[in-house]
Amino acid sequence: MSMIGTARRRWLQADNAHRKGVNLIGQNHRPSDDFRSQDIIMKKRILIVDDEPNIVISLEFLMMREGHEVRVARDGEAGLAAARAHRPDLVVLDVMMPKLDGFAVLEAVRADPAIADTRILLLTAMGGEVERSKGLALGADAYMTKPFSIRELVEKVNELLRTASESAPDAEV
């Protein structure tokens, strides 16, 4: 079975278990009881903007498993609208998408004072140094290429969310 097929099967199993309040081992379990990171206790809002359904399923599962609230947009235009409407703590943004590419979304977010401080992780198949430099120059907080390590992605997301919390005006010291 392909990696995507396996991920989808695991996501469905986890979703069914979540609805029943039981983890996959059979113990009573609620997502709020399962803290994957000691540093991030409050549920964070994450927006995934990607047009590839299999990537979206995987990312959504990973972020929900970490205890975050997840929203999904399937193109750049919808992603920008969702960022403005829902003000996520982090946007996981693909570059190559219909309607608006990720670079255009990134520029628009950074130009909008209401959401300019939103953390943005570019997650894309465009792994060249030119694209990486462009993304970081436009204001991305991090840049990762596909295929990605699940462990590294989760660590990077937690790091970005932690730094967002530390730099927030009402963050506790």
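The values are calculated or read from the model by the stated rules, or taken from the named source; none is laboratory data. Everything numeric in this text was worked out from a predicted model, so none of it was measured. A quick note on method: Cβ atoms are made from the backbone with ideal geometry, for glycine too, and the neighbour counts reach across all protein chains shown.
The condition of being without any contact (Cβ under 8 Å) to a residue 24 or more places away in the chain and surrounded by 14 or more Cβ atoms within 10 Å (Cβ to Cβ) holds for only one of R119, R74, R132, that being R132. Regarding N16, is this residue at pLDDT below 95 and surrounded by fewer than 12 Cβ atoms within 10 Å (Cβ to Cβ)? Judged against the criteria, N16 is a match.
Scanning region 88-101 for residues that are among the β-branched types (V, I, T) and assigned to a loop (DSSP other than H, G, I, E, B) yields a total of 1. Scanning region 102-142 for residues that are outside any helix (DSSP H, G or I) and under 16 Å from I55 (Cβ atoms), we see that the one that is modelled with the lowest pLDDT is G127. Candidates are the residues of region 67-87 that are in contact with a Lys or Arg (Cβ under 8 Å, 6 or more places away or on another chain) and assigned to a loop (DSSP other than H, G, I, E, B); the one that is farthest from D112 (Cα to Cα) is G67. Checking each residue in region 43-57 for being within 12 Å of the chain's Cα centre (by Cα) and either closer than 15 Å to R119 by Cβ or surrounded by fewer than 23 Cβ atoms within 10 Å (Cβ to Cβ) (or both) picks out K44, R45, I46, L47, I48, V49, I55, V56, I57.
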